[in-house]
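S.K.: Before anything else, here's the structure in question.
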Amino acid sequence: MPKIEPADEIVPRILKRYSESPRGWRIMSTPVGDMLVVGRDSAFQLKLIPLNPREYTGAGTELPESNDVTDSIRTSPEFGFRNLAQTDIEALVESMSKPELVQQQLQDILRRDPLLPAEIEKGGINHLLTGPVLTRPNLQGLGPDILKLRSSLERSANRVFRKKYPMRAGMYF
């Protein structure tokens, strides 16, 4: 079983790797906080518990090796933060009545190199296209290893939540 860590420790590591090389990342999430974050040469599984719209707690692990699930996710469109010029937004709005044009417009934007988080933090960027993030209702059907790890991550995420926020956790768990 891979080592499970609090989200406070593993998410900064993921962001550091993304910052070093923003190409080749894919993200899959579920409405209940399960995430698979897949890079070119690494993959992570997370269970996040939202605290508010901008904060979360939880647990995660680095997946030890490539498998069918991560390999299939690597064939999906690449995640990234892409700068949108005012002309991009105008072209998207203009093409809304013609679906074939919207698709081409989005493909052109997704082909652009993703911005590094440091570039975004500097400011001067007015509009960003974030994603794509694949969404599933749950992780069922992705394989027994993912589901087994999901159960362990959920228990660990709940422990982290209860330890960090005991009064708040009492309301939910």
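Values quoted throughout were computed directly from the atomic coordinates according to the rules given, and no laboratory measurement underlies them. If you're wondering where the values come from, they're calculated on a predicted model, not measured in any experiment. All Cβ positions, even for glycine, are placed from backbone atoms using ideal geometry, and neighbour counts span all protein chains on display.
S.K.: Where the only charges are on Cβ atoms (+1 Lys, Arg; -1 Asp, Glu), what is the dipole of the chain about its Cα centre, to the nearest 20 debye?
M.R.: Its charge dipole is roughly 760 debye.
S.K.: Tell me the net charge near residue 56. Cut-off is 12 Å between Cβ atoms, residue 56 excluded, with +1 for each Lys or Arg and -1 for each Asp or Glu. Please report the intermediate quantities before stating the final value.
M.R.: Numbers: positive: 47, 54, 164; negative: 8, 55.
Spelling it out: positives minus negatives among the neighbours equals +1.
S.K.: Let me ask something else about it. Angle between the Cα long axis of helix 7-20 and the longest principal axis of the chain, 0 to 90 degrees, nearest 10?
M.R.: The answer is roughly 30 degrees.
S.K.: Which of the pairs 122/163; 98/122; 16/163 have their Cα atoms more than 32 Å apart in this structure?
M.R.: Over 32 Å apart, Cα to Cα: 122/163; 98/122.
S.K.: Between (i) 70, 45, 27; (ii) 49, 37, 33; (iii) 102, 33, 15, which matches Cα extents along the principal axes in Å calculated for the structure shown?
M.R.: Here the calculated entry is (ii).
S.K.: Another question about this same structure. Normalising by the residue count of the chain, find the relative contact order in percent from Cα pairs under 8 Å and 6+ residues apart.
M.R.: Relative contact order comes out at 29 percent.
S.K.: In addition: Which of 52, 138, 158 moves most in a GNM of the chain, Cα contacts under 10 Å?
M.R.: The residue with the greatest mean-square fluctuation here is 52.
S.K.: Residue 148: which lysines have alpha carbons under 22 Å from its alpha carbon, excluding same-chain residues fewer than 8 sequence positions away?
M.R.: Output for residue 148: 3, 47.
S.K.: Further question on the same structure: If I build a Gaussian network model for the chain, linking alpha-carbon pairs within less than 10 angstrom, which residue out of 148, 16, 98 has the largest mean-square fluctuation?
M.R.: 98
S.K.: A further question follows. For the chain, set up a GNM with springs between Cα atoms under 10 Å and report which of 130, 61, 87 has the largest fluctuation.
M.R.: Result for the chain, Cα springs under 10 Å: 87 fluctuates most.
S.K.: Could you tell me how many degrees, from 0 to 90 and to the nearest 10, lie between the Cα long axis of helix 99-110 and the main elongation axis, the longest principal axis, of the Cα atoms of the chain?
M.R.: Once rounded, the angle reads 70 degrees.
S.K.: Which of the listed residues, 33, 160, 105, is farthest toward the dipole's positive end in the chain, when Lys, Arg count +1 and Asp, Glu count -1 at the beta-carbon?
M.R.: It is 160.
S.K.: How big is the equivalent ellipsoid of segment 80-131 along its three axes, where each semi-axis is √(5λ) from the Cα gyration tensor, reported in whole Å from largest to smallest?
M.R.: 23, 12, 6
S.K.: Between residue 51 and residue 127, what length in nm is gained on full extension when 0.36 nm per residue of separation is reduced by their alpha carbon distance?
M.R.: 24.8 nm
S.K.: Given 0.36 nm per residue, what is the gain on full extension from residue 136 to residue 71 after removing their alpha carbon distance, in nm?
M.R.: Result: 21.7 nm gained on full extension.
S.K.: Helix 144-164 sits at what angle to the longest principal axis of the chain, using alpha carbons and giving 0 to 90 degrees rounded to 10?
M.R.: 80
S.K.: Turning to a different aspect of this structure: On a C-alpha basis, how far is the centre of segment 1-28 from the centre of segment 94-144 in Å? Whole number, if you could?
M.R.: Here the answer is 19 Å between Cα centres.
S.K.: Right, another one. On full extension of the chain, what length is gained from residue 108 through residue 78, given 0.36 nm per residue of separation minus the C-alpha to C-alpha distance?
M.R.: Result: 9.5 nm gained on full extension.
S.K.: Each label point is 7 Å from the Cα along the Cα-to-Cβ direction; what then is the distance between the points at residue 9 and residue 118, in nm?
M.R.: 2.6
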